[in-house]
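Q: Before I ask anything, here is the structure I am working with.
All of the numbers you see were taken from the coordinates with simple rules; none came from a lab. If you're wondering where the values come from, they're calculated on a predicted model, not measured in any experiment. Cβ placement follows ideal geometry from the backbone for every residue including glycine, while neighbour counts extend to all protein chains displayed.
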Amino acid sequence: MARGQKSFDVIVAGTGPAGMLAALVFSDAGFSVALTGPPANRTDGRTTALMVPALAVLDRVGVLSRIEDAAAPLRIMRIVDATERLIRSPVVTFHASEIAEPCFGLNIPNQVLNGALEAAAGAATGIERRQSLVDGWEIGEDQVTARLADGSSISAKLAVAADGRNSPARAAAGIRVSGRPYPQSALVLTFAHARGHGFTSTEFHTEDGPFTQVPLPGDRSSLVWVLKPREAERLAALPEDALSLAVETRMQSMLGRITVDSQPQIFPLSGSLPSSFAKNRVALVGEAAHMFPPIGAQGLNLGVRDVQQLIEIASANREDPGNARALATYDSKRRPDILARTGAVSLLNRSLLSDMLPAQIARSAGLSALGAFGPLRALFMREGLRPGSGFSSLASTVREQVRRKRPGGDQVEQHRH
């Protein structure tokens with residue numbers, strides 16, 4: 001070990017939501033953690049819809065109580081086909097009450113979420129905060145070392161790469177990544193409206209991508225409007241009243257008069273997927289592990305599941321959480337969930353952009369089935385919250401139906417009790 005170099009159980013690189021949450025979860029589990037990166041982003045105008053399972057993780061590390069007052073519950077989610085193509089889909093509405101949940105989750109302003117995570121990380125005794133970027137990584141057989149921009153070095157058995165889509169830690173571990181830019185940008189803003197939203201989020205599907213309104217406290221909502229890059233720039237440059245009218249028109253005046261009340265921001269969209277989710281003492285979480293368009297509120301929720309899976313495996317390998325077998329287990333366990341979510345989002349996005357009739361028919365048929373068939377809709381909602389829960393619930397329902405159809409099934413059950 002280099003002179004003056006400090007050793008930890010885990011280094012977390014990156015101070016976005018996934019990185020700060022990872023540091024809190026590892027600290028809560030008794031690991032010593034070094035969290036490296038600049039102060040949290042307080043200029044991000046986006047919001048994040050976190051589903052109920054992710055909120056439970058925030059609650060365990062003492063963050064949920066810090067954000068609830070600034071967040072709005074998502075009780076209803078709706079998909080509206082706003083394309084002008086030959087084949088159009090019916091409106092599909094999902095109610096959390098259908099699956100016995102009070103809400104699907106909360107919509108939280110990123111500035112609030114980032115601030116709450118940063119405050120919690122700063123107060124955690126098991127986290128040493130290093131407000132410095134990593135200048136370089138050294139991957140050894142028994143440990144990984146981070147050389148920081150302030151001249152210091154730190155080492156650990158495991159590095160958690162939460163350092164974004166261009167992750168230097170991922171590159172240092174020799175993990176290849178395949179990706180491509182999308183011909184789309186996301187225009188992000190918040191707005192006030194004359195009618196109440198009823199805690200309903202509406203995703204309008206357009207030829208350029210989704211236009212997604214998500215409720216905020218009061219008569220306000222956040223918006224992610226996916227467009228062609230030039231159109232996003234044109235809209236962002238409009239005077240406030242003209243932009244407000246454009247949003248209202250696109251929403252078909254569903255919420256009445258619209259008043260944009262934030263500076264619009266533009267985020268270019270891209271997709272990427274690494275060849276491995278962990279290798280050479282480096283485990284990937286968040287955008288370092290997966291990037292895809294903002295459809296269906298999957299992004300950070302997937303990152304939270306990364307962190308949950310990683311802490312479970314690390315806790316079972318406490319002596320050496322970064323050993324090759326532990327990381328291979330993490331890779332194999334995260335792969336199905338990540339590939340399924342990124343594949344589904346990418347497929348839906350491509351179907352919106354495609355003028356091909358088969359793609360329109362397939363999308364319309366899928367949404368029609370969801371709208372018409374309650375059990376399928378319930379499965380879809382449960383899978384959206386907790387992967388695997390929809391299929392296990394469906395299997396349980398089928399078993400119950402089979403039991404009831406058997407001669408004397410109810411009597412047999414009553415006799416057992």
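Q: Given the criterion under 23 Å from Ala156 (Cβ atoms), in a loop (DSSP other than H, G, I, E, B), out of contact with any helix residue (DSSP H, G or I) (no Cβ under 8 Å at 6 or more places or on another chain) and charged (D, E, K, R), identify the matching residue among Glu319, Glu312.
A: Values: Glu312 fails: in a loop (DSSP other than H, G, I, E, B).
None of the others qualify; the one that does is Glu319.
Q: Which is touching an Asp or Glu at 6+ places or on another chain (Cβ under 8 Å), among the charged types (D, E, K, R) and without any contact (Cβ under 8 Å) to a residue 40 or more places away in the chain, of Glu248, Glu312, Glu231, Glu240?
A: Checking each option against the conditions leaves just Glu231.
Q: Considering each residue of segment 97-146, count those that are part of a loop (DSSP other than H, G, I, E, B) and more than 30 Å from Pro215 (Cα to Cα), and give that number.
A: Residues that pass the stated criteria total 10.
Q: So, one more: Go through segment 190-206 and give me each residue that's assigned to a strand (DSSP E or B) and closer than 23 Å to Asp81 by Cβ.
A: Applying the first criterion (assigned to a strand (DSSP E or B)) to segment 190-206 yields 190-193, 200-206.
Passing the criteria: Phe191, His193, Thr200, Ser201, Thr202, Glu203, Phe204, His205, Thr206.
Q: Has segment 151-172 got at least one residue that is surrounded by 19 or more Cβ atoms within 10 Å (Cβ to Cβ), farther than 28 Å from Ala23 by Cα and not hydroxyl-bearing (Ser, Thr, Tyr)?
A: No, there is no match, as no residue in segment 151-172 is surrounded by 19 or more Cβ atoms within 10 Å (Cβ to Cβ), farther than 28 Å from Ala23 by Cα and not hydroxyl-bearing (Ser, Thr, Tyr).
Q: Turning to a different aspect of this structure: Among the numbered conditions (1) within 17 Å of Trp225 (Cβ to Cβ); (2) touching a residue at least 60 places away in the same chain (Cβ under 8 Å), tell me where Ala283 comes up short.
A: Tallying (1) within 17 Å of Trp225 (Cβ to Cβ); (2) touching a residue at least 60 places away in the same chain (Cβ under 8 Å), Ala283 fails exactly one: (1).
Q: Please specify each residue of segment 232-261 satisfying the condition of being small (Gly, Ala, Ser) and surrounded by 15 or more Cβ atoms within 10 Å (Cβ to Cβ).
A: Once the filter is applied, which keeps residues that are small (Gly, Ala, Ser) and surrounded by 15 or more Cβ atoms within 10 Å (Cβ to Cβ), segment 232-261 yields Ala232, Ala236, Ser244, Ala246.
Q: Could I ask something else about it? Taking into account only those residues within segment 257-284 that are basic (Lys, Arg) and farther than 16 Å from Arg176 by Cβ, which is nearest to the chain's Cα centre (by Cα)?
A: Filtering segment 257-284 for residues that are basic (Lys, Arg) and farther than 16 Å from Arg176 by Cβ, the one nearest to the chain's Cα centre (by Cα) comes out as Arg281.
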